[in-house]
Amino acid sequence: MAVRRRGGMQSDPDIPVDLWVTCRKCGGMHYRPEYEAALRVCPTCNYHDRLDAAERIALLLDEPGRFQEIDADITAADPLEFSRPSGSYVDRVAKARALTSRNEAIVCGIGPLQGRPVALGVMEFGFIAGSMGSATGEKITRLFEHALRHRLPVVTVTASGGARQDEGLFALMQMARTTAAAARLGEAGLPHICVMADPTLAGVTASFAAVADIIIGEPGATIRFAGSRVVQGTLRRRAPVEDHTTEWVLRQGMIDLVVPRRELRETLARVIGHLAPAHVTAPAPMAARAARV
């Protein structure tokens, strides 16, 4: 709020300036405390706004304070010494670290989900659009390997623009690495459930996320391999607004469930209970994936 003072309009220092938030989907204005209490779900269009990694961990785990992060010190190198007009890759990574207080675009660790320990990997979209570089792929691969050693189910939450262009082929190689790690987990009879949040695109969609035993989408999320501009440039047509939303890809059979944010923790616990009952040490490998195919 602004008040008139001598010399022009000035902000009243006693009035908060961020009390309202705009929905990035429908443009609706919402009172921030109510919006946050609703878990950032738009009451007008039901769009599930983006959460950072800490918020997502708090949403999914019983006691976020018991989350034990692993491999937190792994961070991006600059194998190509890449630079663009806006600055070097090293500078981009440094800015992303300062912005998110994270070393990479995913946070991995172990924590309790309705009383059961799970291996959890949550992508941080604020870190260079959640892009998957070599360090990101290393952390995802190690998460699957840790789960395999300790016989834990894996839950991943994706929110990513795809492979990180600054690392070129090194980033594209992570698609194969993470997919192979997920396959080894499945061969051992341990489930992997992926929650696709907005947006899940390109190399992440086409790698470890798409081969999960159960794929859950948040309502209204954009899920696709290529972005809108790429589709328009290659096919010479503009994709419909609803094209490649969670609901659209569910109808095409690409994902298994669309789950509102408030029901996500309970749904994950129920799915894990079906795929890997606590009293069974080795459930039938790849059962859910084979059934879907």
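The values are calculated or read from the model by the stated rules, or taken from the named source; none is laboratory data. Note that this is a predicted model, so its numbers are computed, not measured. Cβ atoms come from the backbone with ideal geometry, glycine included; neighbour counts cover every protein chain shown. Just so you know, the surface numbers come from the protein's heavy atoms only, side chains and all, with ligands and any DNA or RNA stripped out. Shrake-Rupley method; radii C 1.70, N 1.55, O 1.52, S 1.80 Å.
Tabulated results
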item	result
Sites residue 114 and residue 225, calculated FRET efficiency, Cβ-Cβ separation with R0 25 Å, nearest 0.05	0.15
Portion, in percent, of the accessible area of segment 51-275 that falls on carbon or sulfur, probe 1.4 Å	55 percent
Cleavage-rule hits, GluC sites (Glu not before Pro), segment 28-71, DSSP coil, Cβ neighbours within 10 Å at most 13	none
Per residue accessible area in Å² of segment 68-127, where ligands, DNA and RNA are left out and the probe is 1.4 Å	48 Å²
FRET efficiency for residue 252 and residue 173, using Cβ-Cβ distance with R0 set to 25 Å, rounded to 0.05	0.35
Cα-derived Rg over Rh, computed across segment 69-132 with Rh taken as Kirkwood radius	1.09
For segment 74-143, size of Cβ-based charge dipole, Lys and Arg +1, Asp and Glu -1, in debye	200 debye
Computed Rg/Rh of segment 68-225, alpha carbon atoms with Kirkwood Rh	0.96
Computed label-point distance, nm, for sites residue 70 and residue 95 using a 7 Å Cα→Cβ extension	3.4 nm
